[in-house]
Amino acid sequence: MQVQFNNKFEEKLIHLTLKIQKLLLYRIIQRTLLLIFPFALFGSFVKIIQTIVLGREGFLTDIFPTIGNDLIYREIEDIANGLYNMSLGWVSVIAIFGAAKYGAKYFNRDDQLAGITGISSFLIIDYSYSKVQPISFHPQILGMKGLLFAILWGIFIGWLFKKCSQQVPTTPNNNVLERTFISLKPIVFSLLIAMLISVFVNITYYSEAPGNFINSLASEYTSSNDWAQLFKTLIFSVYTLIMSFFGWSGTYSALGVEKMDVLSTVNLNYALEKHTAWNAPNPFTSSTLYHAFATFGGTGSVLGLIIAILIISKDKDFQTVARWAMVPSIFNIGSGVMTGIPVLFNVIFLIPFILAPIANMLMAAIAIALHLMPPSVYPVPIGTPGPLIAFIGTNGSWRALLFSILAVIISTWIYIPFVKMAAKVKILDNLSLEEGVK
């Protein structure tokens, strides 16, 4: 089907995307993301209940009636935690099953055994060597942050099945036992390699090396110069976006960095002493710029993407995902739209995914530098809607609220042309229509 391009940039980017989509690796990733979308979406709604409604510091905690009976409260909390852990909390386990299955199926190998092998080996890698809990896992790797590793490991298992086993017999009389022995070698190799990686993961986890590295970046390298702080914050935020985008196994958390930032503590102490956020000593920090203006809807300011889809997209699938993902994204939980469009690893959305947060941060930095609004220095409840973070963080500054609305407009405006391009790519090559990856 022919589509009309608006300019050379759009034509080149779409053609580049179409070339990349022909790669086996890319097609498996996209198919796997679509597979986990319903679990990520369901987990997003549970996350709202778990942290924003039931959480002690949640945004809606004080709005809903308090449950006076501690036993009933704990039961509801336990149910919410269980639902979350088995959906969004274990989304990487589902992803590795899909990636291994699609990879093996492409090479005409036993896709069911490959998927099961993927789950078993992934759980071995994530197994926590703990004397306190005999059976436990690192929760970070099981969730969204371990998604990329899970998909790549699943693809590796599919490749291992190709190299170490024969094609699955197509005769109607083939039996499970025969298929098992055909696939025995890649199964054993996968589990042995997983055991070696598990040792490395546990050594890294308990040494806290990744966390110490992030903490040093966030807090130790400080400066009394405002522009030096701004430059450090911008550079660190680019790193933040990249780390969050690739979602490596639990080594990074944007929310955690906000708590580690010592400059935010200095700002808060100043505001409590002076009873105002104006002229805070550190106007350019991760709290005043990145968390207050660049995470609307989650990483990549994807709330702007959802609004852009609802405004201009005529694609039925995009519209459906956007409507379902809107509520979680309001509370900055973007896993639904990240896996349903999908945004993760999507070449078309890579540019606005990084550009929109940076543009919002620059806008906010200019406004703070010109004293058009105060910096966000007060603590904000968990799950506060993106456009209200700066408003609450400045103790109710209407100027901060106006600039937050402007940030939403900027994000939406940046995403609009890329939404149009994504629709054209889907017309030319719709991965969601495939039954397999061939």
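The values are calculated or read from the model by the stated rules, or taken from the named source; none is laboratory data. These numbers come from a predicted model, not from an experiment. Because the Cβ atoms are built from the backbone with ideal geometry, glycine has one as well, and the counts that use them run over all protein chains shown. With ligands, DNA and RNA removed, areas are computed over all heavy atoms of the protein, side chains included. Shrake-Rupley method; radii C 1.70, N 1.55, O 1.52, S 1.80 Å.
Odds and ends about this structure:
- Of all residues in region 62-92, those satisfying the criterion of being over 30 Å from Asp111 (Cβ atoms), among the β-branched types (Val, Ile, Thr) and either modelled with pLDDT of 80 or more or in a loop (DSSP other than H, G, I, E, B) (or both) are Ile63, Thr66, Ile67, Ile79.
- Residue ID - surrounded by the fewest Cβ atoms within 10 Å (Cβ to Cβ), chosen from residues in region 376-390 that are over 18 Å from Gly334 (Cβ atoms) and in contact with a Phe, Trp or Tyr (Cβ under 8 Å, 6 or more places away or on another chain): Pro381
- Any hit, region 231-239, residues being at pLDDT below 90, farther than 26 Å from Phe149 by Cβ and of a type outside the set (A, V, I, L, M, F, W, C): yes
- Residue within region 331-339 that is under 18 Å from Ile405 (Cα atoms) and either out of contact with any helix residue (DSSP H, G or I) (no Cβ under 7 Å at 6 or more places or on another chain) or surrounded by 22 or more Cβ atoms within 10 Å (Cβ to Cβ) (or both) present: yes
- Scan of region 310-358 for residues that are among the aromatic types (Phe, Trp, Tyr) and modelled with pLDDT of 85 or more, ordered by number: Phe318, Trp324, Phe331, Phe349, Phe353
- Total residues in region 290-324, condition among the β-branched types (Val, Ile, Thr), under 30 Å from Ile368 (Cβ atoms) and open to solvent by less than 10 Å² (accessible area, probe 1.4 Å): 2
- Complete set of residues in region 268-289 that are in a helix (DSSP H, G or I) and either in contact with a helix residue (DSSP H, G or I) (Cβ under 7 Å, 6 or more places away or on another chain) or closer than 15 Å to Met373 by Cα (or both): Ala271, Ser286, Ser287, Thr288, Leu289
- Candidate set: region 271-289, residues that are among the β-branched types (Val, Ile, Thr) and open to solvent by less than 10 Å² (accessible area, probe 1.4 Å); chosen: the one nearest to Ser404 (Cα to Cα): Thr288
- Of the residues contained in region 167-184, one or more are found to be modelled with pLDDT under 80, of a type in the set (A, V, I, L, M), open to solvent by 80 Å² or more (accessible area, probe 1.4 Å) and more than 12 Å from Asp111 (Cα to Cα).
- Residue selected from region 93-145 under the condition part of a loop (DSSP other than H, G, I, E, B) and of a type in the set (A, V, I, L, M, F, W, C), by the criterion modelled with the lowest pLDDT: Val132
- One residue stands out in region 87-140 among those that are among the aromatic types (Phe, Trp, Tyr) and open to solvent by 10 Å² or more (accessible area, probe 1.4 Å): the one that is nearest to the chain's Cα centre (by Cα), namely Trp90.
- Region 1-26 residues that are outside any helix (DSSP H, G or I), paired with ones that are loosely packed, with under 14 Cβ neighbours inside 10 Å (beta carbon under 7 Å, 6 or more apart): Met1/Ile427; Val3/Ile427
- Scope region 406-427; condition at pLDDT below 95 and open to solvent by 60 Å² or more (accessible area, probe 1.4 Å); matching residues: Lys420, Ile427
- Sub-7 Å Cβ pairs linking a first residue in region 348-360 that is open to solvent by 10 Å² or more (accessible area, probe 1.4 Å) and of a type in the set (A, V, I, L, M) to a second residue that is at pLDDT below 85 and in a helix (DSSP H, G or I), at least 6 apart or interchain, are Ile354/Leu241, ordered by first then second residue.
- Count of region 372-420 residues, restricted to those that are among the small types (Gly, Ala, Ser), assigned to a helix (DSSP H, G or I) and farther than 23 Å from Val347 by Cα, is 6.
- Filter pass, Ala423 being in a helix (DSSP H, G or I), touching a Ser or Thr at 6+ places or on another chain (Cβ under 7 Å) and farther than 15 Å from Ala294 by Cα: yes
- Residue match in region 321-341 (condition: assigned to a helix (DSSP H, G or I), free of Cβ contacts under 8 Å to residues at least 12 places away in the same chain and among the charged types (D, E, K, R)): no
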